[in-house]
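To keep things clear, I will list the structure first and then write my remarks on it.
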């Protein structure tokens with residue numbers, strides 16, 4: 001009876017926040033919501049929708065708070081009338097840029113090339129010939145496609 005009475009209160013008027021929290025905790029404990037005896041389907045569905053809306057509001061509020069916290073550290077405090085003398089200078093070097101990263105990429109490519117060459121050298125001659133024929137077929141097909149595209153554009 002307690003749940004049915006609370007649902008009727010929901011329909012009639014707003015509840016204090018403490019009771020709302022209790023309802024949400026009760027819902028978390030019970031895995032499925034069931035219609036209590038004597039309760040109409042309309043009242044039950046209205047109650048269920050209200051609970052869904054509360055959960056959605058809570059979730060949205062949490063997301064908004066998180067987003068606000070994320071961007072707080074990026075805001076500058078500028079006093080009224082303050083004049084900027086120059087644009088900001090970026091002093092941090094990105095991880096993927098610079099000479100060292102380019103060398104490492106180059107080295108990785110060289111290692112991959114060496115591994116592929118080694119695998120090709122150890123390959124069966126018949127298999128090697130099949131791959132070469134297939135490669136040539138794809139190259140000619142690609143060149144023909146390019147020619148068609150160039151002739152269509154002209």
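If each of residue 132 and residue 41 carries a label point 7 Å out from its Cα toward its Cβ, how far apart are those two points in nm?
It works out to 7.6 nm between the two label points.
The stretch 99-153: D in µm²/s via Stokes-Einstein (Kirkwood Rh, Cα pairs, 20 °C, 1.002 mPa s)? Kindly include the intermediate steps, with their values, before the conclusion.
Numbers: Rh = 14.1 Å.
The diffusion coefficient I find is 152 µm²/s.
Please give the length that would be gained between residue 60 and residue 143 if that part of the chain were fully extended, namely 0.36 nm times their separation in residues minus their C-alpha to C-alpha distance (nm, one decimal).
That pair, residue 60 and residue 143, stretches by 24.5 nm at full extension.
Report the FRET efficiency, 1/(1 + (r/R0)^6), for residue 116 and residue 152, where r is their Cβ-Cβ distance and R0 is 30 Å, rounded to 0.05. Write out the running numbers ahead of the final one.
Numbers: r = 35 Å, r/R0 = 1.18.
The formula returns an efficiency of 0.25 here.
A short reminder: the numbers here are calculations on the coordinates, not readings from a lab. Being a predicted model, the structure only gives us computed values, none of them experimental. Methodologically, a virtual Cβ is constructed for each residue, glycine included, from the backbone with ideal geometry; neighbour enumeration extends over all protein chains shown.
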